[in-house]
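Inspection log for the structure reproduced underneath, given as structure tokens.
The values are calculated or read from the model by the stated rules, or taken from the named source; none is laboratory data. What you see is a predicted model, and the numbers here were worked out from it, not measured in a lab. Neighbour counts are summed over all protein chains in view; Cβ atoms, including those assigned to glycine, are modelled from backbone coordinates with ideal geometry.
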Amino acid sequence: MRPIVDEEKCIGCGNCAEICPSVFQLIDDKSRVIDPDGCDYAHCCEAAEENCPVEAITLED
């Protein structure tokens with residue numbers, strides 16, 4: 001699964017970068033995917049998606 005961040009929805013809360021820092025990073029107050037294959041453990045991208053308060057993260061096959 002490849003994570004996608006909708007920058008229009010992103011509020012820059014940083015939850016995703018905290019949960020999965022190898023994949024997400026805050027840049028200019030918005031979350032960005034820095035390495036779509038960078039999950040350190042299983043399901044961290046799913047956890048980031050679930051914990052996004054504005055549903056800005058989606059996972060694509």
Evaluation of Ile4 against (1) in a strand (DSSP E or B); (2) in contact with a helix residue (DSSP H, G or I) (Cβ under 9 Å, 6 or more places away or on another chain) (one fails), failing number
(2)
Hey, any hits in region 21-28 for a residue that's exposed (fewer than 13 other Cβ atoms within 10 Å of the Cβ), of a type outside the set (Asp, Glu) and out of contact with any helix residue (DSSP H, G or I) (no Cβ under 7 Å at 6 or more places or on another chain)?
yes
Go through (1) buried (at least 16 other Cβ atoms within 10 Å of the Cβ); (2) touching a helix residue (DSSP H, G or I) at 6+ places or on another chain (Cβ under 9 Å); (3) under 21 Å from Asp61 (Cβ atoms) for Ala17 and report which single condition fails.
(3)
Give the number of residues within region 40-61 that are at pLDDT below 95 and touching a strand residue (DSSP E or B) at 6+ places or on another chain (Cβ under 9 Å).
5
Among the residues of region 43-61, which ones are on the phi > 0 side of the Ramachandran plot and surrounded by 12 or more Cβ atoms within 10 Å (Cβ to Cβ)?
His43
